[in-house]
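The values are calculated or read from the model by the stated rules, or taken from the named source; none is laboratory data. All of these numbers come straight from a predicted model, not from anything done at the bench. Neighbour counts are summed over all protein chains in view; Cβ atoms, including those assigned to glycine, are modelled from backbone coordinates with ideal geometry. Accessible surface is based on the protein model in full, side chains and every heavy atom, while ligands, DNA and RNA are left aside. Shrake-Rupley method; radii C 1.70, N 1.55, O 1.52, S 1.80 Å.
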Amino acid sequence: QVQLVESGGGLVQAGRSLRLSCAASGRTFSRYAVGWFRQAPGKEREFVAAISSSGGITSYADSVKGRATISRDSAKNTVYLQMNSLKPEDTAVYYCAATVGVLSRRTMGYSYWGQGTQVTVSS
């Protein structure tokens, strides 16, 4: 089992950057694929980015492609989501999720979820 804690959210102006972190407990975190999702008020949770257990494969939603980079540091049991050129429509609660096996772009593909971190982008 793994526990996930997100951090790094906050209030930023449009055009600026944020780096979100997903810190995991457990010595076997390197076996897990990790995804980032977000949920805006009144909307469904949507896929943002994902990274394979090895870090060799990544996937991005079209809405963030070219502006986001997902990476992982196995020594720190942490996955990062660097978001650049932020837009007001990026405002949401951002969640990280983990699963043993292949990465997924679907929420049902993940077994473990963090509590989320709020990102608010002002225009």
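Looking only at the stretch 19-31, filter to residues that are modelled with pLDDT of 95 or more and of a type outside the set (A, V, I, L, M, F, W, C); which one of those is least open to solvent (accessible area, probe 1.4 Å)? The extreme case among them is Ser21. Being among the small types (Gly, Ala, Ser) and surrounded by 15 or more Cβ atoms within 10 Å (Cβ to Cβ): is that true of Ala40 here? No; evaluated as a whole, the condition is false for this residue. If you filter the stretch 1-16 down to residues that are under 16 Å from the mean Cα position of the chain (by Cα) and open to solvent by less than 60 Å² (accessible area, probe 1.4 Å), you find that the one that is modelled with the lowest pLDDT is Val2. Just so you know, in the stretch 58-106 the residues that are of a type in the set (Lys, Arg) and under 16 Å from Ser21 (Cβ atoms) include one that is most open to solvent (accessible area, probe 1.4 Å), and it is Lys76. Comparison of Ser71, Ser59, Ser53, Ser30 shows that the only residue that is in a loop (DSSP other than H, G, I, E, B) and either of a type outside the set (A, V, I, L, M, F, W, C) or more than 11 Å from the chain's Cα centre (by Cα) (or both) is Ser53.
Residues of the stretch 74-99 being of a type in the set (S, T, N, Q) and either free of Cβ contacts under 8 Å to residues at least 40 places away in the same chain or in a strand (DSSP E or B) (or both), which ones? Once the filter is applied, which keeps residues that are of a type in the set (S, T, N, Q) and either free of Cβ contacts under 8 Å to residues at least 40 places away in the same chain or in a strand (DSSP E or B) (or both), the stretch 74-99 yields Thr78, Gln82, Thr99.
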